[in-house]
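A.B. asks: One structure follows; several queries about it will come next.
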């Protein structure tokens, strides 16, 4: 079990658990599809975006620094590294 | 009013307007769907008090009047984002007659999570199973009948981009109303434990808080109380440790811990996952999609940034090529015929000389020289909208964010700068504009590195953002959003640019009867501070006066220059003035030739020849006069200064919003002015050193 941020490009993992402290601990600020804004009080629960325990998550792009891109079901989700270091995954083969 | 005639044989029945709320996930095609349904009747505004866009439309189907209200795209109805709060407050308190839930057929599970929450509200729901074509292309088989049975609602497959299924959707909407209460969705079961608690809570609410029953849908209220939804608890004035709450959810808390919100989320998600398994068949082999292929290149670590700058270069180049002929045409029409007409009609009404001067040399010269940029602004907004709609802009934000982080910066503050260019004066050619744009970003990065150690320490924010799949934006939504963005420019021109133009005219003509503009109030102030700009290559009073006026909005720099230089440019027409109709014909034919020119420009941009093709000499009046006062180098330094020297009013408002106080705006003002001066200095002096355009 290790943080999502350590999953390499092309690798897959299974979301194991939320960060200790429950759903309130993971409340990243949400940007809209145009990429603008990170307005005050604009937080979203990552569960609502489909990142939930048991889900398979595929790392599409992880360059070792900065934001990374994952795929969950049919959604491509970009997130900051701080965020990705708080989501625990178990490596999955294939 | 009474009916005009009594001859009508039957009374006109005033049918009530059916209020239809359109809800759905971001990127579910909700916006396109509403555009397709509404056509030209779309009204775009804002939700009160916030910057979230609100679209509405009034339409009619089979005699039934329908008011469509577009809710902000959300993943859930939890109370955490502005969008979520708007959507749920509307659904709960304004109680629409029916909800159209736009579901992305390619991503059923996550979309059904929201659907389930909509079903809790006790309002009839119709599911628009959108992007159905892409789901089919992926080889997905969705059992629509099974979905209808499981959810207890009508499900209509739609392809909003091609307007497929729109009529079926409207039929379902009117049909649901005809069915009355029978169209209410089936209540979904979240498991015995939860349902028992819901039952107990509902009974308790009816018993002890009867007033709440009037205000909220019962089941929804019970679920929210159970989740410990702070907003509802506060509104309903019920505490989480209320005896009713204790009785009803005590055993749930014992079994699952205090975080019942997560429990509910789990319950809904497993239901959504179960439903998806039931109705959806995925092909066993998944083929690589186009979006993935494009992303591999566009998001590549080394290619990402060059591609981004190339894309922006293309945008600026196309913008210029497309709009320049029309800008020239507009310039000609405003300075020629329009000025003559206004002059003639003011004279006809025996207006005093000063009024004629105010109209032609103040209003027309000021507002007119800004209006010349309308084609540029609209063309630019068109391409930006295209990039946004295609899904590229979100990638650009991602790529820039990554690049910033690799330099140890967080990209948050730069994103608006990358996207928001509407604030700045559109310069003369696409390439110049692009180089200024790139320079702006490079400077932002440099300053970010500098400030990282001083002003903006602290951890980088956590952010999350969905990248939509690449899609060809529909012409209709391109048109609507381009217009919405460009509209603000027109409003600006009509309001405070107009006001400032009048003010500038007075400042240029006072004290009354001043002979030389240099001796006017504005001229004197301009002359006084002009030496400050001398090392930058534009130490003349004209430039510095324009910069002062431009503090209000950067467009005003152009407007003021238009007014200052108007006297020198004005030439008395030789011979008899052309008649009104000659003028009209001339405007028409020159518009047609502008169109032809724009077309050939665009063709040559795409062709290889364009790489060498230089922009031809401009003959627009203002530009040619300005060219006399500026060398190419000092003009570039001037533009760099204008780009950087002052956040415009819009930026100031954004600043206030972001940081909460005006203090930071003050800091930014001083910092930007110093920065602008330094950059213009380096550009001008550096350029002279290398002997460029001196």
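The values are calculated or read from the model by the stated rules, or taken from the named source; none is laboratory data. In this text the structure is predicted, and so the values were computed from the model without any measurement. Counting neighbours? That spans all protein chains shown, and the Cβs are built from the backbone with ideal geometry, glycine included.
A.B. asks: If you take the residues in region A:61-73 that are at the interface with chain B (Cβ under 7 Å from one of its Cβ atoms) and at pLDDT below 85, which one is nearest to residue A:9 (Cα to Cα)? Walk me through it before giving the result.
C.D. replies: We begin by selecting, within region A:61-73, every residue at the interface with chain B (Cβ under 7 Å from one of its Cβ atoms); these are A:61, A:63, A:65-67, A:69, A:73.
Still in the list and also at pLDDT below 85: A:63, A:65-67.
Working: A:63: 8, A:65: 12, A:66: 14, A:67: 13 Å.
Of everything passing the filter in region A:61-73, A:63 is nearest to residue A:9 (Cα to Cα).
A.B. asks: Sticking with this structure for a sec: For region B:64-80, check the following and say yes or no: at least one residue is under 22 Å from residue B:275 (Cβ atoms), within 14 Å of chain A (Cβ to nearest Cβ) and part of a helix (DSSP H, G or I).
C.D. replies: No, the conditions are met nowhere in region B:64-80.
A.B. asks: Residues in region B:460-485 that are at pLDDT 80 or above and either surrounded by 17 or more Cβ atoms within 10 Å (Cβ to Cβ) or over 30 Å from residue B:366 (Cβ atoms) (or both): how many?
C.D. replies: The qualifying residues number 18.
A.B. asks: Moving on to the next point. From B:227, B:258, B:192, grab the single residue that is within 30 Å of residue B:155 (Cβ to Cβ) and either within 14 Å of chain A (Cβ to nearest Cβ) or in contact with a helix residue (DSSP H, G or I) (Cβ under 6 Å, 6 or more places away or on another chain) (or both).
C.D. replies: On the way: B:258 fails: within 30 Å of residue B:155 (Cβ to Cβ); B:192 fails: either within 14 Å of chain A (Cβ to nearest Cβ) or in contact with a helix residue (DSSP H, G or I) (Cβ under 6 Å, 6 or more places away or on another chain) (or both).
Being within 30 Å of residue B:155 (Cβ to Cβ) and either within 14 Å of chain A (Cβ to nearest Cβ) or in contact with a helix residue (DSSP H, G or I) (Cβ under 6 Å, 6 or more places away or on another chain) (or both) holds for just one of B:227, B:258, B:192, which is B:227.
A.B. asks: Given the structure, is residue B:136 over 16 Å from residue B:68 (Cβ atoms), surrounded by fewer than 22 Cβ atoms within 10 Å (Cβ to Cβ) and outside the structural domain of residue B:276 (by TED's automatic domain parsing)?
C.D. replies: Details: over 16 Å from residue B:68 (Cβ atoms): yes; surrounded by fewer than 22 Cβ atoms within 10 Å (Cβ to Cβ): yes; outside the structural domain of residue B:276 (by TED's automatic domain parsing): yes.
Yes.
A.B. asks: For residue B:297, which of the numbered conditions (1) assigned by TED's automatic domain parsing to the domain that holds residue B:597; (2) farther than 30 Å from residue B:375 by Cβ; (3) in contact with a helix residue (DSSP H, G or I) (Cβ under 8 Å, 6 or more places away or on another chain) fails to hold?
C.D. replies: (1)
A.B. asks: Which condition from (1) away from chain A (no Cβ under 12 Å); (2) under 30 Å from residue B:195 (Cβ atoms); (3) modelled with pLDDT under 80 is the one that residue B:285 breaks?
C.D. replies: For residue B:285, the exception is condition (2).
A.B. asks: Can you name the helices (runs of 4 or more DSSP H) wholly within region B:464-558 that have at least 1 residues being under 30 Å from residue B:382 (Cβ atoms)?
C.D. replies: B:475-492, B:498-509, B:541-549
A.B. asks: Looking at (1) more than 14 Å from chain A (Cβ to nearest Cβ); (2) surrounded by 16 or more Cβ atoms within 10 Å (Cβ to Cβ), can you tell me which one residue B:309 breaks?
C.D. replies: Just one mismatch for residue B:309, condition (2).
A.B. asks: I'm trying to understand the selection: among the residues of region B:369-379, which are part of a helix (DSSP H, G or I) and modelled with pLDDT under 75?
C.D. replies: Within region B:369-379, B:369, B:370 qualify.
A.B. asks: Looking at region B:70-86, is at least one residue surrounded by fewer than 21 Cβ atoms within 10 Å (Cβ to Cβ), over 23 Å from the mean Cα position of the chain (by Cα) and free of Cβ contacts under 8 Å to residues at least 40 places away in the same chain?
C.D. replies: no
A.B. asks: A follow-up question, please. Within region B:92-106, take every residue that is touching a strand residue (DSSP E or B) at 6+ places or on another chain (Cβ under 7 Å) and surrounded by fewer than 22 Cβ atoms within 10 Å (Cβ to Cβ) and give me the one that is farthest from the other protein chains (Cβ to nearest Cβ). Steps first, please.
C.D. replies: The first filter runs over region B:92-106 and keeps only residues touching a strand residue (DSSP E or B) at 6+ places or on another chain (Cβ under 7 Å), leaving B:96-105.
From what is left, the residues that are surrounded by fewer than 22 Cβ atoms within 10 Å (Cβ to Cβ) are B:96-98.
Details: B:96: 22, B:97: 27, B:98: 24 Å.
So, considering only residues that are touching a strand residue (DSSP E or B) at 6+ places or on another chain (Cβ under 7 Å) and surrounded by fewer than 22 Cβ atoms within 10 Å (Cβ to Cβ), the one farthest from the other protein chains (Cβ to nearest Cβ) is B:97.
A.B. asks: Tell me which residues, restricted to region A:74-94, are over 28 Å from residue B:280 (Cβ atoms), part of a loop (DSSP other than H, G, I, E, B) and either touching a helix residue (DSSP H, G or I) at 6+ places or on another chain (Cβ under 7 Å) or more than 9 Å from chain B (Cβ to nearest Cβ) (or both).
C.D. replies: Result: A:85, single match.
A.B. asks: Quickly run through region B:271-285 and pick out the residues that are without any contact (Cβ under 8 Å) to a residue 24 or more places away in the chain and either outside any helix (DSSP H, G or I) or under 16 Å from residue A:72 (Cβ atoms) (or both). Show your work before the answer.
C.D. replies: Within region B:271-285, the subset without any contact (Cβ under 8 Å) to a residue 24 or more places away in the chain is B:274, B:277, B:284-285.
Residues satisfying the conditions are B:284, B:285.
A.B. asks: Would you check if there is a residue in region B:316-331 being part of a helix (DSSP H, G or I), closer than 30 Å to residue A:77 by Cα and in contact (Cβ under 8 Å) with a residue 24 or more places away in the chain?
C.D. replies: Step one: list which residues in region B:316-331 are part of a helix (DSSP H, G or I), which gives B:316-331.
Still in the running and closer than 30 Å to residue A:77 by Cα: B:316.
Next, from what is left, pick out any that are in contact (Cβ under 8 Å) with a residue 24 or more places away in the chain: B:316.
Taking every residue of region B:316-331 in turn, at least one turns out to be part of a helix (DSSP H, G or I), closer than 30 Å to residue A:77 by Cα and in contact (Cβ under 8 Å) with a residue 24 or more places away in the chain.
A.B. asks: To continue, here is another question. Scan region B:665-694 for residues that are part of a helix (DSSP H, G or I) and at pLDDT below 75 and report the count.
C.D. replies: Step one: list which residues in region B:665-694 are part of a helix (DSSP H, G or I), which gives B:665-689.
Next, only the ones that are at pLDDT below 75 stay: B:665-669, B:671-672.
Residues that pass the stated criteria total 7.
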